[in-house]
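Enquirer: Have a look at the structure that comes next, please.
The values are calculated or read from the model by the stated rules, or taken from the named source; none is laboratory data. Every value quoted in this text rests on a predicted model; they were computed, and no experiment measured them. Glycine also receives a Cβ, built like all others from the backbone with ideal geometry; neighbour counts cover every protein chain displayed.
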Ligand SMILES: Nc1ncnc2c1ncn2[C@@H]1O[C@H](COP(=O)(O)OP(=O)(O)O)[C@@H](O)[C@H]1O
Ligand SMILES: [Mg+2]
C-alpha cells in the first residue's frame with residue numbers, strides 16, 4: 001500500500017482507525033468476552049490513539065510555525081533566502097514550495113526595478129552633465145550675445161531631451177502600474193489611426209519618406225484612447241526614424257478574427273535577428289540605431305500599453321529590407 005502523504009489523508013485515516021479500534025474494543029472486550037482488566041486496556045488504547053493524533057497534529061503545526069517564523073524575517077533585502085527545512089511532501093511542503101516561488105518572483109521584480117532606476121539615472125545624467133558644463137564654460141568670461149544664444153540653444157536642446165525621457169518614464173510607469181485597470185471607454189480605433197496617418201505623413205514629408213494609410217471603417221475597442229494613440233505613434237515614429245529618405249511606410253488598420261490588426265511596415269534599415277528579441281525591453285537600442293536619436297523606451301511603452309489592453313505586439317524584420325510591427329487587439 002502507498003503511504004499516505006497528504007495531511008488531510010493522514011488525519012482522516014487516524015480518525016477512522018481510532019473509531020474502528022474503539023468500537024471493536026467495546027464490542028469484543030466488553031460485550032463478547034468481558035475481558036478482565038478491560039479498563040486498563042482501554043486506557044492504554046486511548047493513550048496510544050491520543051499520542052498518534054498528537055504527533056500528526058504536531059508535525060502539521062511544526063511546519064507551519066517554521067514557515068511563519070521564516071516569513072517574519074523576509075524583507076526586500078533577503079528575498080534570495082529560501083525555506084529549506086521543510087521537506088515533507090504534504091500540504092505544508094507544497095505551501096513552502098509555493099512560498100519559495102513567490103520569493104523568486106519578488107526577487108526578479110525587485111531586480112528589474114533596481115535596474116530600471118539605474119538606467120533612468122544613467123539616461124538623465126548625460127544631458128544634465130552636458131547642460132551643466134555648457135553653462136559653466138559660458139560663465140567663465142564675458143561673451144557676445146551670439147555666443148550666449150548658442151549656449152542657450154544647446155541648453156534648451158538638452159532640456160528637451162530630459163523632458164522627453166521623463167515623459168517616457170512616466171508613461172512607462174503608468175502603463176505598468178495601471179495595467180490591471182485601464183479606463184474602459186469605447187475607442188474608435190479607425191479615427192485614432194487616421195489621425196496617426198496624418199501625423200506620419202507630415203513627419204515623413206520632412207524626411208522624404210512616403211507614408212501610405214489604409215484604415216478600415218468602424219473598428220472600435222475598449223480602452224484608453226490617449227494611451228493607444230501613444231502606443232501606435234511610437235511604432236510609427238520608429239518606422240519613419242529608421243527609414244532613409246526615398247523609402248516608404250505603410251500603415252494599416254484592419255479587422256481579422258474578432259481582432260483589430262494594426263500594422264506598420266517600412267522599407268528601412270531593419271533589425272538584426274540578435275536585436276529582435278530585445279527591442280521591447282526598456283532602454284534597449286538596436287545595434288543599427290546608429291546616430292538616430294532615441295532613448296530605447298518607445299517600444300517598451302507601446303508593449304506595456306498594448307498588453308494592458310490584452311493585445312499582442314510582434315516584430316518581423318529583414319536587414320536592409322525593412323521592418324513590420326504587427327499589433328492585435330481584441331475588438332469591442
Ligand atoms: N522600424 C524600425 N526599423 C528599424 N529598427 C527599429 C524599428 N523600430 C524599432 N527599431 C529598433 O528597436 C530599438 C528600440 O526601439 P524604441 O524602443 O522605440 O527605442 P528608440 O527608438 O528610442 O531607439 C531601436 O533602437 C531600433 O534599433
Ligand atoms: Mg522609438
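Enquirer: Please specify each residue of segment 231-261 satisfying the condition of being more than 12 Å from ligand 1 (Cβ to nearest atom) and over 15 Å from residue 322 (Cβ atoms).
Expert: Selection gives 232, 253, 254, 255, 256, 257, 258, 259, 260, 261.
Enquirer: Something else now. Anything in segment 262-282 that is over 16 Å from residue 323 (Cα atoms) and surrounded by fewer than 18 Cβ atoms within 10 Å (Cβ to Cβ)? List them, or say none. Quick ask: steps written out before the conclusion?
Expert: Just the residues of segment 262-282 that are over 16 Å from residue 323 (Cα atoms), to begin with: 281-282.
Of everything in segment 262-282, just one residue is over 16 Å from residue 323 (Cα atoms) and surrounded by fewer than 18 Cβ atoms within 10 Å (Cβ to Cβ), namely 281.
Enquirer: Now, a different point. Just name the residue that is farthest from residue 248 (Cα to Cα) out of those in segment 287-330 that are out of contact with any helix residue (DSSP H, G or I) (no Cβ under 8 Å at 6 or more places or on another chain), more than 11 Å from ligand 1 (Cβ to nearest atom) and in a loop (DSSP other than H, G, I, E, B).
Expert: Checked segment 287-330; the qualifying residue farthest from residue 248 (Cα to Cα) is 310.
Enquirer: Exactly one condition in (1) closer than 30 Å to residue 184 by Cβ; (2) more than 26 Å from the chain's Cα centre (by Cα) is not met by residue 234; state its number.
Expert: Of (1) closer than 30 Å to residue 184 by Cβ; (2) more than 26 Å from the chain's Cα centre (by Cα), only one is false for residue 234: (2).
Enquirer: Same structure, new question: Which one of these is under 30 Å from the mean Cα position of the chain (by Cα) and exposed (fewer than 13 other Cβ atoms within 10 Å of the Cβ): 170, 189?
Expert: Numbers: 189 fails: exposed (fewer than 13 other Cβ atoms within 10 Å of the Cβ).
Sole residue among the options that is under 30 Å from the mean Cα position of the chain (by Cα) and exposed (fewer than 13 other Cβ atoms within 10 Å of the Cβ): 170.
Enquirer: If a residue has to be surrounded by fewer than 19 Cβ atoms within 10 Å (Cβ to Cβ) and closer than 21 Å to residue 311 by Cβ to count, how many in segment 234-251 make the cut?
Expert: The number of residues fulfilling the criteria is 2.
Enquirer: Criterion first (more than 12 Å from ligand 1 (Cβ to nearest atom), under 29 Å from residue 160 (Cα atoms), in contact with a helix residue (DSSP H, G or I) (Cβ under 7 Å, 6 or more places away or on another chain) and outside the structural domain of residue 118 (by TED's automatic domain parsing)) does residue 204 satisfy it?
Expert: yes
Enquirer: While we're looking at this one, here's another question. Got a sec? Which of 91, 123 is in contact with a helix residue (DSSP H, G or I) (Cβ under 7 Å, 6 or more places away or on another chain) and within 30 Å of residue 162 (Cα to Cα)?
Expert: 123
Enquirer: Just wondering, is there one or more residues in segment 241-256 that are within 12 Å of ligand 2 (Cβ to nearest atom), touching a helix residue (DSSP H, G or I) at 6+ places or on another chain (Cβ under 6 Å), closer than 30 Å to residue 162 by Cβ and outside any loop (DSSP other than H, G, I, E, B)?
Expert: Looking through segment 241-256, none of the residues is within 12 Å of ligand 2 (Cβ to nearest atom), touching a helix residue (DSSP H, G or I) at 6+ places or on another chain (Cβ under 6 Å), closer than 30 Å to residue 162 by Cβ and outside any loop (DSSP other than H, G, I, E, B).
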